[in-house]
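The next block holds one structure in the form of structure tokens; read it before the comments.
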Amino acid sequence: MTTGYTSDEIMTVAAARCLTSQTACFVGIGLPSTAANLAVRTHAPGLWMIYESGTLGTRPDTLPLSIGDGVLAETADTVVSVPEVFNYWLQPGRIDVGFLGAAQIDRYANINTTVIGDYTDPKVRLPGAGGAPEIAASCREVVVIVRQSRRAFVERVDFVTSVGHGAGPGDRERLGLRGAGPTRVITDLGVLEPDPATRELTLVQVHPGVSAEDARAATGWDLAVAPDLATTPEPTPEELKVLRSLTGADGV
Amino acid sequence: MIVPLDEGVRELVHDGDTVALEGFTHLIPVAAGHEIIRQGRRDLTLVRMTPDVVYDQVIGAGCAARLVFSWGGNPGVGSLHRFRDAIQNGWPRPLEIEEHSHAGMANRYVAGASGVPFAVLRGYAGTDLVDQTPTIKTVECPFTGERLAAVPALNPDVTVIHAQRADRAGNVQLWGITGIQKEAVLAARRSLVTVEEVVDRLEPVPGQVLLPSRVVTAVSVVPGGARPSYAHGYYARDNAAYQAWDAVSRDRDAFARWLADEIGAPAPLPGKAG
């Protein structure tokens, strides 16, 4: 493993690089929020961040703990009601990228944030859907940020909270989902993308020092690897400096 | 119209009621939730998009039989362990759940506020929520033939919210992140609003929601009534308190001590709380 940064840091940097100044991004809390806030402070100053609390075009000067911290409202272009954010902004397809996390994700990038185990007799009850099902359905595309492990990367999710590519090609169209669904899954080991033909998640990129075998070992299905496997460019000093000032890892 | 909080809860929140304490991270009516625990309400159907710490407390105290919701967690911290214990272990009593997405819940309140029996939205297609939640159906658009999700109106017996201010006539003003509170009040049969302060005149504030007194059943003055959430313009979110709740929530005994020390309520009796 290359030293000088953590696997979480390169995951966050890789996720931030998916966003541009032209992007309108629906931001989930946690890793997605950290990545979006890194992007807006580095290469994507025009990034338009939306949180489901109704804060549109927000630019918090500190990283919020929740999706509704006061700093999000104070720095927003406008604050709208919850029905408005879902009905007027998300549903008609006005948002380019949905940034989501996951407790479990499967071969076709379906996402579970509801239960581990049986729904009526769960082993672990998770928080549930929140805004994710409709974010996954209606954003033009979805980027998922999740640490890669056999526990999280499973052949079939225990519960489909948010639809990725269903059971394969044609499922999103059949279900009437208008966005493209997950186009990238960013992990602490690399980047997965759905195969254009089969829609199956395929390893297309590894972070420096990570091998395809490392990623395959952390995946609960027989993970396909792209023939032209790329390597994530190292985080720049600027990216790391800004990220650490956000997360408090710089000790300031 | 303006009544002490204990009287407002006694008059407006009854055993067996469907009760919505709404607030989307901001302006959560925490003090009112604690008063519901203190008064020992039972068999409530709790409704909320984002049941967080205060619902964890009400559920842990054994006040609720059902929960209608879309995201149950400690925002930015993790899980709610009293909520988990009730669902996974039936402690202190089983909790029936009716689970939606945020878009679905928001539209259910809009339908309730609008006086129509259901709402339509693009939602839920392909998710397992459709199989688990009987209040998610599909309808065909009579104009285009398109298939859309339908969810029934939510009309709580009582909605409880917290706001920054009211005037002496009981008009209520809130601003900042206003979430779903307007719809939740307009959808309810009765409403109780706790406020930071009562003023002679409500000076307009950008982005405000103003609830006319005719849709507000009672106002109670409870400064700090949203803590550890926040009241924009009054006090900030106490993020440390949300982080500290995790340890209390994880342990039944620690929770019982919290109930005794903070609420003055007895420990919940497993299986007998109903």
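The values are calculated or read from the model by the stated rules, or taken from the named source; none is laboratory data. The model shown is predicted, which means the values in this text are computed figures rather than measured ones. Here the Cβ positions follow ideal geometry from the backbone for every residue, glycine too, while neighbour counts run over all protein chains shown. Please note that ligands, DNA and RNA were not included when accessible areas were found on the heavy atoms of the full protein model with its side chains. Shrake-Rupley method; radii C 1.70, N 1.55, O 1.52, S 1.80 Å.
In order along the stretch A:130-144, the phi-based Karplus estimate (6.51 cos²θ - 1.76 cosθ + 1.60, θ = phi - 60°) of 3J(HN,Hα) comes to x, x, 4, x, 7, 4, 5, 7, 10, 5, 4, 8, 10, 10, 9 Hz; Gly and Pro are listed as x. Rolling a 1.4 angstrom probe over chain A with all protein chains present gives an accessible area of which 51% lies on carbon and sulfur atoms. For B:M1, the solvent-accessible surface with a 1.4 Å probe is about 90 Å², rounded to the nearest 10.
Each of B:N155, B:V172, B:G115 was placed along the dipole of the stretch B:85-173 (beta-carbon charges, centred on the mean Cα), and the one lying farthest toward the positive end is B:V172. Rounded to the nearest 20 debye, the dipole magnitude of chain B is 220 debye, with +1 charges on Lys and Arg beta carbons, -1 on Asp and Glu beta carbons, and the Cα centre as origin. Between the listed residues A:T78, A:Y119, A:L65, the Cα displaced farthest toward the positive end of the dipole of the stretch A:46-119, a dipole computed from Cβ unit charges relative to the Cα centre, is found at A:Y119. In vacuo Debye scattering of the stretch B:132-249, one point per C-alpha: log10 I(q)/I(0) at q = 0.14, 0.18, 0.20 Å⁻¹? Result of the Debye calculation: -0.72, -0.93, -1.04. Buried surface between chains B and A: roughly 3500 Å² of accessible area, summed over both sides, computed with a 1.4 Å probe on protein heavy atoms only.
Run the Debye formula on the Cα coordinates of the stretch B:60-144, all scatterers equal and no solvent, and tell me log10 I(q)/I(0) at q = 0.21 1/Å. Values returned for q = 0.21 Å⁻¹ are -1.09. Between B:E7 and B:Y235, how many nm apart are label points set 7 Å from Cα along the C-beta direction? So the label points at B:E7 and B:Y235 sit 2.4 nm apart. Here the label points at B:V139 and A:S7, each 7 Å from Cα along the C-beta direction, are separated by 4.9 nm in the simple model. Near the amide H of A:T55, within less than 5 Å, lie the amide hydrogens of A:V80, all on another chain or at least 5 residues away, with H placed in the peptide plane.
With the alpha-carbon atoms of chain B aligned to their principal axes, the span from lowest to highest coordinate is 57, 50, 32 Å, starting with the largest. Taking the alpha carbon gyration tensor of the protein assembly as shown, multiplying each eigenvalue by 5 and rooting it gives semi-axes of 38, 24, 23 Å, largest first. Computed over the stretch A:1-105, the quotient of the alpha carbon radius of gyration and 2.2 N^0.38 Å is 1.07. In the context of the full set of protein chains, residues of chain B present 37 Å² of accessible surface per residue (probe radius 1.4 Å, heavy atoms only). Based on alpha-carbon atoms, the Kirkwood radius and the radius of gyration of the stretch B:39-95 give Rg/Rh equal to 0.93. Rg/Rh for chain A (Cα atoms only, Rh after Kirkwood) is 0.95. Between A:R216 and A:V124, how high is the FRET efficiency from 1/(1 + (r/R0)^6) when r is the Cβ-Cβ distance and R₀ = 35 Å? Nearest 0.05. In this case the efficiency is close to 0.85. Count Lys and Arg as plus one, Asp and Glu as minus one, and take only other residues whose Cβ is under 10 Å from that of B:L12; the net charge is then -1.
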